[in-house]
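The values are calculated or read from the model by the stated rules, or taken from the named source; none is laboratory data. Quick caveat: nothing in here was measured; it's all calculated off a predicted structure. Cβ: placed from backbone, ideal geometry, glycine included. Neighbour counts: every protein chain shown. What goes into the accessible areas is simple: the full protein's heavy atoms, side chains included, and nothing from ligands, DNA or RNA. Shrake-Rupley method; radii C 1.70, N 1.55, O 1.52, S 1.80 Å.
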Amino acid sequence: MFLINCPYCGERDQQEFKAGGEAHIERPKQPTELSDDEWAEYLFMRKNIKGVQFERWNHAHGCRKWFNMARDTSNDEIKAIYKIGEKPPTQ
Amino acid sequence: MTQNLRVKSSEFIDETNRISFKFDGKTYYGFKGDTLASALIANNIHLVGRSFKYHRPRGIMTSGSEEPNAIVQVNPSSNITEPNARATEIEIYEGLEASSQNCWPSVNFDIGGINNFLAPLFPSGFYYKTFMWPKSFWEKYEFFIRHSAGLGKSPATKDPDIYDHRNIHCDVLVVGAGISGILAAKNAAKNNFKTLLLDEKNELGGSTIFEANEDNKINNNLASEWLKKEINELKNIKNLEVKTRTSVAAYHQYNYLLARENLTDHLDKKDKKNKIRQRLLKIRAKKVILATGALERPLIFNNNDRPGIMLSSAIKKYSNFYGVVCGTKNIFFTNNDSAYESALSLYNKGIKVEAIIDIRENSDTKIIKKINDVGIKIYWSHTIVDTRGYKRISSISIMRLSNDGTSVTGSKISISCDCLGIAGGWTPAVHLYTQSGGKLTFDDERKIFIPKADTKEQISVGSCGGDFELDEIIRNLNYKLKNFLNINKTDFDSIALENDHETSKRNIWLLPSDQSIGKTKPFVDYQNDATAKDIKLALREGFRSIEHVKRYTTTGMGTDQGKLGNMHALGIIADTAGVKMGELGTTTFRPPYTPLTFGTIVGRNVGEFFDTFRRTPMNDWHIKNKAEFENVGQWKRSWYYPKEDETMHQAVQRESKAARQSAGILDASTLGKIDIQGSDASEFLNRVYTNAWSKLAIGKCRYGLMLNEDGMVYDDGVTTRLGENHYIMTTTTGGAANVLGKLEDYLQTEWPELDVYLTSVTDHFATASLCGPNSKKILNKIIPDLDLSDDNFPHMSFKEVLIDKIKCRIMRISFTGELSYEINAPASYGEAIWQKCIEAGKEFNITPYGTETMHLLRAEKGFIIVGQDTDGTMTPIDLQMDWIVSKKKYDFIGKRSLYRSDTMKEDRKQLVGLLTEDPNIVLEEGAQIVSELNQKPVEMLGHVTSSYFSPNLNKSIALAVVKGGKSMMGRKLFVPMENKNISVSVANTVFYDEKNERLNA
């Protein structure tokens, strides 16, 4: 059970949050111009890496804001939390 | 009954408080402070159960939560019965009853004992090997397996006890109140950390508290005497909460721990009443100190499981703590010094120790000199090759070990005994450490897995961290504690420590016998009857991964999770396969550390508190009018309103007719409602719905279909434009929360530039849906001033009106195909408005109808229900709803996916109507559809999604998804059922009023 530092509310129990999968996958601006493969890449393909992964989280039972998290999937260490629109940390 | 096996009184046992209890129907006596195990031993009872597979007689092996054998059924004949309880943990109380498990007719004469002689028929994996053939016999096997599976019996009635949950936040949590835990907790609290100290036992002090070794001294006192003074001081320390009988079950990420606090199990029956039995503590700690100690290991040798064979440390605890003698002729078998301490403390109490068998060549510590001085015979470099005694050990055979430890030599010596203490060294209790994500490292010299690293938030101290000698424990604890808590000094900085150090070590995972391994029974997992032989067989059959060997042999899969034997299993695998133990790794330590009862896990969330439920403002009226309810998500919705003896079918048929012939009324309050405002609201709707919204006039309503990005239908509903920048969206009842979540997601992450605000108003409005040809007349009676003409108030439009000064929104929209009005009133006036409609409708025989009639009426019209006729694989095209997909819009959620090669396939499952050849047969929802009856295997074309008997058409109707169904109009298909094949034909999805004339009737 994580302790997640919501950038708007502070530290809260994981129960209040919803995970939203991999982050930084931008919806294509012109979907109709993409090939089936390109659209499938956006729609279905996810990295699911072992190590530091950038993912989306939503404070569903709190402020309802979405934000991003850098989490090491091998040990569940939360490396960083940052707002939507902000660049992922480099380290 | 006499208890002649008590030694001089123990300070932990209250001999003035005699307690009677029953075991296997017979009454015995013990004292307050006894566990069931210690009281049974005091009554000279060692045989307490039968083993799982071979039904071998088994006795008490340990004195704690690691017990594999002495597991009993508590209060067997009552509704508070509990299976698989460890006799070593049950504190006796007046009225306690317990019985042996896994034996019939009794533990002394057990029919299943024959399995012991059939052992060659039960090798590892015998389930997989035996029950595979012939296939048709499976049902017969299943009966047999179900009867022999499991140990105790689970209670058959409702648990009458009360359980509770409590959230705790603390600065420092200390798990385990042995000497390390006590010193850590005391010093944390003294330095102003809010500290919680937990221990699974009823007494503080761990194993030090009954330590009698005079060579282990603190400040010139016996370690136990010194520790008692420390414990006495605990109650005066602020910031410190101490809980005994509290076992930590799970250690999750970020220092979140679950512990079970046992509050009443030890109380007399009369004192348990109306009290909380157990409490689940949900602890979030800033820092955690693990001081969980170590578990003594057994030794693995032939027939090492007889009653009377016990851990050496357990024998010491029974005599020093409970004042109970385990045997009158004792032998110890060891690979380290700790058995000598047990032997000496027995000797000092006047109990006979026949011999000590030691696999080491020698050792020269003080304790061994003392044993020599008192004349106890030590057999160095010897091992036990066999034991005898069926229901209690009676003798052992020993032989000399070869230098490499793989065989035995010389002549066999037989020694009689009634108790054998085994000491195979110590295994740090790293269960909680690894549950938290910690990695282990293997110390090859000492043959133990120890925590690889402490962190800023967690340390392991004492023997669970790999420190076994007193001075080492205290020194390392002091150093670690200062760093961890960032403090300069502790109150045990300068205590004087004196203790002996063990020098000689020898470890042999599987001890050899003079017989071939095939003829021996060296048990590794006592509870599951897995032997070293089984493990070797698994390796011969090709299993390599420790996780696979575990599952194949069931080693470590009992209720004790192999706390005793898992290390030996690993060692035997490593030795046999020729790999290093450190490289082999361990199996996963999973929560809970000791079993939890379901009651503790669910706490107060039982019965009506199991889940939250939501009721509409009209709920009382529904109850008064005898509605039957159905669960829709968390909502309780009226399902149908039976009159007198009506069946559900009769009620629904009546309601359905009434709604079409005169007037019906439905409580539609549960539909999700989202208020949408902002200058980009229209653009937003354009992007989330498949159809166009910009041109919708103010005061008009429109049906919308929402897709996922993969093109599949996600939700639907009517949205009304209330103002230039103001809409109210309705969603399905079950989809409301998810739709809001999805819309917020897009707004926040993909389109933050849009000026749109979303507010859930589902609970703010109550909705009465008035339906049928007379609905206009009823509404006219309620609001005479409102012009209800089709010109002023046409289909798909909205009016805001006052009803008795209450501002209501009325939408003229229809889910039944009849003329209908949905009246939305502020929730608190919901019942009043509903009542008003009922009153006004009396002269038209207005009929309240529930969800079942609503479903039937909409099916007559071929309107879909998202989630019933769709399942996340249906596009609007599959649903024959092409008309709602805008061709002009550049983009909307899911648009691109509608042009993928897969979604454009002609033979996708498509929604069609189905009519049965015999109009009286109603298809079963979910029934499969085929085109051929004589072909095998037959291709399933699809399935029935909605099916009803329509009273308005006087025939059965159904909706179904069928592969390529759109091009099958009129085609004959079959629905094969268990007893008959039903002929059906593919039809249009709209069965009733295809031209929509009734909307304006």
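Values computed for the structure shown
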| item | result |
| --- | --- |
| Residues listed by number, the range B:73-97, amide nitrogen under 11 Å from B:ASN202 label point at 7 Å toward C-beta | B:89-94 |
| For chain B: relative contact order, % (alpha-carbon pairs under 8 angstrom, 6 or more apart) | 9 percent |
| Solitary cysteines of chain A, where the nearest other Cys Cβ is not under 4.7 Å | A:CYS63 |
| Gain upon complete extension [B:ASN934, B:LYS580; 0.36 nm per residue less C-alpha separation] | 121.3 nm |
| Principal axis dimensions, largest first and in whole angstrom, of the range B:666-857 by Cα | 54, 33, 30 |
| On Cα atoms only, tilt of B:851-860 relative to the major axis of chain B in degrees | 50 degrees |
| Largest-first principal axis extents of the Cα set of the range B:14-117 (Å) | 47, 28, 21 |
| Extension gain (nm, one decimal) between B:ASP268 and B:ASN792, 0.36 nm per residue minus Cα-Cα | 180.8 nm |
| R0 of 60 Å, Cβ-Cβ distance A:GLN14-B:GLU646: FRET efficiency to nearest 0.05 | 0.75 |
| Square roots of five times the Cα gyration tensor eigenvalues for the range B:393-446, Å | 36, 18, 6 |
| Lysines whose Cα lies under 27 Å from that of A:LYS47, excluding same-chain neighbours fewer than 8 positions away | A:LYS18, A:LYS29, A:LYS65, A:LYS79, A:LYS83, A:LYS87, B:LYS439, B:LYS742, B:LYS895 |
| In Hz, Karplus ³J(HN,Hα) per residue of the range B:220-235 (6.51, -1.76, 1.60; θ = phi - 60°; x = Gly, Pro) | 6, 10, 4, 3, 5, 5, 4, 5, 4, 5, 4, 5, 4, 6, 4, 5 |
| Among B:264-271, B:245-252, the order from most to least packed when residues are scored by Cβ within 10 Å on average | B:245-252, B:264-271 |
| Highest to lowest packing among B:523-536, B:408-421, scored as the average C-beta count within 10 Å | B:523-536, B:408-421 |
| Relative packing of peptides B:471-478, B:931-938 - highest average C-beta neighbours within 10 Å first | B:471-478, B:931-938 |
| Cα centroid separation, the range B:892-955 to the range B:1-75 (Å) | 66 Å |
| Nearest-ten-degree value, helix B:138-148 long axis tilted from longest Cα axis of chain B | 50 degrees |
| If the convex hull is drawn through the Cα atoms of the range B:563-678, its volume per residue in Å³ | 332 Å³ |
| Test item: A:9-18 mean partner chain Cβ contacts at 10 Å | 1 |
| Per-q log10 I(q)/I(0), the protein assembly as shown, q = 0.07, 0.08, 0.09 Å⁻¹ (Debye; single scatterer per alpha-carbon; no solvent) | -0.84, -0.99, -1.10 |
| Mean separation of Cα contacts under 8 Å (6+ apart) over length of the range B:229-317, as relative contact order % | 20 percent |
| Rg ratio (alpha-carbon, reference 2.2 N^0.38 Å) - the range A:4-91 | 1.20 |
| Extension reserve of the B:LYS888-B:LYS377 stretch, reckoned as 0.36 nm per residue once the Cα distance is removed | 174.1 nm |
| Neighbour net charge for B:CYS419 - beta-carbon separation under 11 angstrom, K R +1, D E -1 | +2 |
| Computed E for B:ASP404/B:LYS8 - FRET, C-beta separation, R0 45 angstrom, nearest 0.05 | 0.50 |
| Long-range amide H partners of B:ALA250 with built H, under 5 Å | B:LEU258, B:TYR593 |
| Distance from the range B:368-434 to the range B:615-635 (C-alpha centre basis), Å | 71 Å |
| Over 45 Å [Cα-Cα, chain B], rounded percent | 51 percent |
| Cβ-derived FRET efficiency at R0 25 Å, B:ASN486 paired with B:ASN232, nearest 0.05 | 0.35 |
| Table column - 3J(HN,Hα) (Hz), the range B:655-668, Karplus curve with 6.51, -1.76, 1.60, x for Gly and Pro | 4, 5, 5, 4, 5, 8, 8, 9, 7, x, 9, 10, 7, 10 |
| Descending Cα extents along the principal axes, the range B:523-613, whole Å | 59, 24, 21 |
| Antiparallel %, DSSP beta bridges [both residues in the protein assembly as shown], to 5 | 75 percent |
| Unit charges on C-beta of K, R, D, E only; dipole of the protein assembly as shown, Debye | 1340 debye |
| Shielding by other protein chains, B:887-898, mean Cβ within 10 Å | 3 |
| The range B:548-695, relative contact order [Cα under 8 Å, separation at least 6], % | 10 percent |
| Spin-label zone in the range B:585-628 - amide nitrogen under 12 Å from a point set 7 Å from the Cα of A:ASP76 along the C-beta vector | B:591 |
| Integer Hz, Karplus 6.51/-1.76/1.60 couplings in order for the range B:551-560, x for Gly and Pro | 5, 5, 9, 6, 5, x, 9, x, 5, 8 |
| Sequence-distant residues sharing a close amide H with B:ARG614 (under 5 Å, placed H) | B:TRP635, B:LYS636 |
| Kirkwood Rh in Å, taken over the range B:859-1000 so that all alpha-carbon pairs contribute | 16.0 Å |
| Buried area at the B-A interface (accessible, heavy atoms, 1.4 Å probe, summed, Å²) | 2400 Å² |
| Exercise: per-residue mean of other protein chain Cβ atoms within 10 Å, A:27-37 | 3 |
